[in-house]
Amino acid sequence: MRRAPVITLSPEQRTVLESQARSRSLPLRVVERARIVLFAAAGRQDKDVAVLLSMTPKKVSRWRKRFLAGWGG
């Protein structure tokens, strides 16, 4: 079984993402992306995150990869 790449967050990254995930004023897409990355950093696989957030595993995988490419991991 293929495993998704691991995401490791710095304390600063985690703080920013948690704030975004709780926000009621940011666009929904930003909130969703923050939640995806936080669940991924908690060790969940793409399929599990997709079920929790009611979205496709492909979308979760795409944002995991974009986070790792842009913010490191």
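The values are calculated or read from the model by the stated rules, or taken from the named source; none is laboratory data. Note that this is a predicted model, so its numbers are computed, not measured. Glycine also receives a Cβ, built like all others from the backbone with ideal geometry; neighbour counts cover every protein chain displayed. Quick note on the areas: whole protein, heavy atoms, side chains included, nothing else; ligands and nucleic acids left out. Shrake-Rupley method; radii C 1.70, N 1.55, O 1.52, S 1.80 Å.
How many residues does the range 6-15 contain that are in contact with a helix residue (DSSP H, G or I) (Cβ under 8 Å, 6 or more places away or on another chain) and open to solvent by 60 Å² or more (accessible area, probe 1.4 Å)?
Start the filter on the range 6-15 by keeping residues that are in contact with a helix residue (DSSP H, G or I) (Cβ under 8 Å, 6 or more places away or on another chain), which leaves 7-9, 13-14.
Still in the running and open to solvent by 60 Å² or more (accessible area, probe 1.4 Å): 8, 14.
Of the residues in that region, 2 qualify.
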Cross-chain or 6+ apart pairs with Cβ under 6 Å, the range 45-73 first and at pLDDT below 95, then loosely packed, with under 15 Cβ neighbours inside 10 Å and assigned to a loop (DSSP other than H, G, I, E, B): Leu68/Pro5; Gly73/Thr8
Scan the range 20-57 for residues that are open to solvent by 60 Å² or more (accessible area, probe 1.4 Å), part of a loop (DSSP other than H, G, I, E, B) and within 16 Å of Ser10 (Cα to Cα) and report the count. 1
Output the number of residues of the range 1-19 satisfying the condition of being part of a helix (DSSP H, G or I) and either touching a residue at least 40 places away in the same chain (Cβ under 8 Å) or not polar (S, T, N, Q) (or both). 7
